[in-house]
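Q: Dropping a structure here in structure tokens format, bear with me for questions.
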Amino acid sequence: MDQHKTTAGALQTPMTGPINNPAALAQALLHNPGATQALNNNPTAAGNHGVTHKPHLNNPGVGQQLISYPGVGQQHINNPGVGQQLISYPGVGQQHISNPGVGQLMGVPGSGQGSINKPSTAQALMRSPSDSRALIRGDRGSMLSMSDDNVMMNQILTTHAPDGREFDVRPLLYLVEDILNRATQHVDFLVKGTLDQVELEERAQAANHIAMLEALTYTIDRIACELSYKALGGCDAHATTTAIFNLLSSYTWDAKLVISLSAFALNYGEFWLLAQIYSTNQLAKSMAVLRQLPSLLEHTAPLKPRFDALNSLIRTMMDVTRCVVQFRELPLKYISPDAPALATAMTHIPTAVYWTIRSMVACATQISSLTSAGHEFGISTTESWELSTLAHKLRNIYEHLKQQLNYCYKHIEERMDVEIYQMLLAIFDPNVLHIDNMKALKALIYDKDDKLPLLDGATKRQVSLDVLRRKNVLLLISSLEFANDELAILEQIYNESRIHATRLESQYEVVWIPIVDHSIIPLPEEMQTKFENLQSTMPWYSVQDPLVIKKPVIRFIKEVWHFRTKPILVVLDPQGKVVSPNAIHMMWIWGSTAFPFTSLREEALWREETWRLDLLVDGIDPTVLTWIKEEKYIFLYGGDDIEWIRRFVNSARSVASASRIPLEMVYVGKSNKREQVKKVTGIINAEKLSYAWQDQAMVWFFWSRLESMLFSKIQLGRGDDQDPMLQQIKKLLSYGREGGWAVLSRGSNIAVNGHSSTVLPALGGYDEWKINVAEKGFDGAFKEYHDKLHDAAHPCCRFEFPNTIRIPENMRCPECPRLMEKYTAFLCCHDEQGIPGSLF
């Protein structure tokens, strides 16, 4: 057989002329004279449709991943759903059965009638235009009056006897799509006078696909001849379709469809190729005259309905073909042939293949009639109606198959998502060791199609994941609702931490992982703009496209790392192991001092910490830190009740004056009600009541740090109700939700952390405890009296944990030893611009 095989040189020679013409190149690849001659000289190959003994067709890798359609005598023949379901499916037979006066009921030709009987070319060309029209209308009558789809489909199924050979039809489909797309575009150009320049991939012209085209050229040519001669001879469309099925009996359903479409594209593409170049190429011009193209193309306006109908049907044929091939390519690893959507589709695919090939026959007949009968044939709208009817029927079949295909894709996606999720659980298992962090990072950031999935915030260039190899990586995970205040503070900590890292010779990088809703794809323009604006402000790495973070990764981040809406900072060591599930809390509390932001470092910092004023205001306000160094008495207070604030400030000043102590006061607002806090701050300034933080970012950061102290303790599993520091943190957070409060310290040492209901009465009872000031000091005497009032009247305590954090199973009241009751609450603070990033 090797002596007859067409060589590469033989293939290159015929393509020398049209090599700069994509349509001509596609034609040359399909219609390869060298390959055809080689197969004609080999009777064995010809008898087996030109593909026997071709080793590249028997590809086990392909076969393992492809779905085998049932053959003759299998479930389709004895499955009543094959005929009964389709006959009741709209557009697959019912609407034509009751059409009166359109032909007579014709018997279904047997399989023997489907064999190739080529009419004489002379006889075909001698038919008059009126005879051609009569034959086409007669064929329409046979199509519309066929009432028994069961009989018809059973006949087609008896021709289906696949021999087990498998090959990938996708490259051939790419080539056919290129031809038909360019041909249908050219139709629009001739009729409308415009042509959109669309760059189509020449994927089917790779050298490794030439051998497959050589093997199939003979079969494609035979079917192309069948379409042309039967169209000219006026044969019954069903008989022609059955004959094509007989030719393709050994192929799978998807191969039957693609090979048949290739044969049609060969004829149709040649027709429009001549129409495209006949005015500039003498050889093409002579051929075009023989085909009556110049006369035909001079009357394009009356032909527009015919061309539009042809375009519509051809595009639907391509849609169905693509859909059938996609079913063939479904990975059996993730979907079983017994899956409802796939099983349903399998029963409909034979009918889809039949009507698509039947449509090719109709299109070929229309083209043949144009070239043989001239432009006068195209003035009638009857034939356009016939093509439109077929397009409607085929479109209904396609929509049904496409729906089942979408169900299959959804099923596969769900199975793949589960697999990826389980893989993530295995990769981030704390007991599993890795050589470096690349496996973990590639599991989180999908880079299969994009080798440069990251954007370097410093250079604004795309980079690969390798820039993170064997480094400490901080994954900043957030939604697109990222407050500017948070970003500013994070950037400050980031810059300070890089100085620490350089000093400690430790490499670390931050990567922003944005979480977006994958149910809205592509992202709305507003969301994409918000992402790009945020990305442009970040000095660290970020993913180039938020959609590279896939759904199972988002599920893992939410379920395992407990992300909700608040930003979290997951820290990975150079081996990809999680060393902190959320370092954002220690960042807020200690800033760059917490470097390298591991849970071990967090525990060490807490062991060194005490309940002091520095802890509450560190890094926020240098004025207060100066007061602390000067050992002044300081009242830190908050709330939104301006009347209570006036009474508290006046009482505190009176008591301080009477005791002759240096007292400073600072208003720090509330953890919510941003607008109300701004109003109170304005009144305090206007009445000169005390010092107040003017920048709302300072108010936000104070409460965020306080909340982070609580959550850090809980995250470390140190939520011990016997921890005195934790009790004070919980008290202050609770007071910040209700009424007013005040914290009294001398320098850094906190003496009193009290609610408005006890602090103001304690100041009002100064006459009762002033005698103890000389002995116990102002802070000691005030604390002793305050604690007596507190023991007599415990204020209510409450904590409102939103779904943005992990909620502890239980919690004891910081005011008393009882376990607090758990409620589900709905809260609205009537504050459209709530404290940015507030956890409460």
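Q: Taking the options 347, 381, name whichever one is over 30 Å from residue 580 (Cβ atoms), among the hydroxyl-bearing types (Ser, Thr, Tyr) and modelled with pLDDT under 90.
A: On the way: 347 fails: modelled with pLDDT under 90.
Just a single option satisfies the conditions, and that option is 381.
Q: So, one more: If a residue must be open to solvent by 10 Å² or more (accessible area, probe 1.4 Å), within 44 Å of the chain's Cα centre (by Cα) and either at positive phi or modelled with pLDDT under 90 (or both), how many such residues does the stretch 671-693 contain?
A: Counting residues in the stretch 671-693 that are open to solvent by 10 Å² or more (accessible area, probe 1.4 Å), within 44 Å of the chain's Cα centre (by Cα) and either at positive phi or modelled with pLDDT under 90 (or both) gives 5.
Q: Which condition breaks for residue 480 when tested against (1) open to solvent by 30 Å² or more (accessible area, probe 1.4 Å); (2) at pLDDT below 90; (3) closer than 30 Å to residue 700 by Cα?
A: (1)
Q: Here's something else I'd like to know. Quick one: which of 480, 452 is assigned by the TED database to the domain that holds residue 578, touching a helix residue (DSSP H, G or I) at 6+ places or on another chain (Cβ under 7 Å) and assigned to a loop (DSSP other than H, G, I, E, B)?
A: The conditions single out 480.
Q: When the stretch 443-475 is examined, which residues are found to be under 21 Å from residue 568 (Cβ atoms) and under 18 Å from the mean Cα position of the chain (by Cα)?
A: Passing the criteria: 443, 444, 445, 446, 453, 454.
Q: Among the residues of the stretch 695-712, is any under 30 Å from residue 770 (Cα atoms), open to solvent by less than 70 Å² (accessible area, probe 1.4 Å) and among the basic types (Lys, Arg)?
A: Within the stretch 695-712, none of the residues are under 30 Å from residue 770 (Cα atoms), open to solvent by less than 70 Å² (accessible area, probe 1.4 Å) and among the basic types (Lys, Arg).
Q: Within the bounds of the stretch 511-519, is there any residue that is surrounded by 14 or more Cβ atoms within 10 Å (Cβ to Cβ), over 24 Å from the mean Cα position of the chain (by Cα) and within 25 Å of residue 589 (Cβ to Cβ)?
A: no
The values are calculated or read from the model by the stated rules, or taken from the named source; none is laboratory data. Every value quoted in this text rests on a predicted model; they were computed, and no experiment measured them. We place every Cβ from the backbone using ideal geometry, glycine too, and count neighbours over all the protein chains shown. Just so you know, the surface numbers come from the protein's heavy atoms only, side chains and all, with ligands and any DNA or RNA stripped out. Shrake-Rupley method; radii C 1.70, N 1.55, O 1.52, S 1.80 Å.
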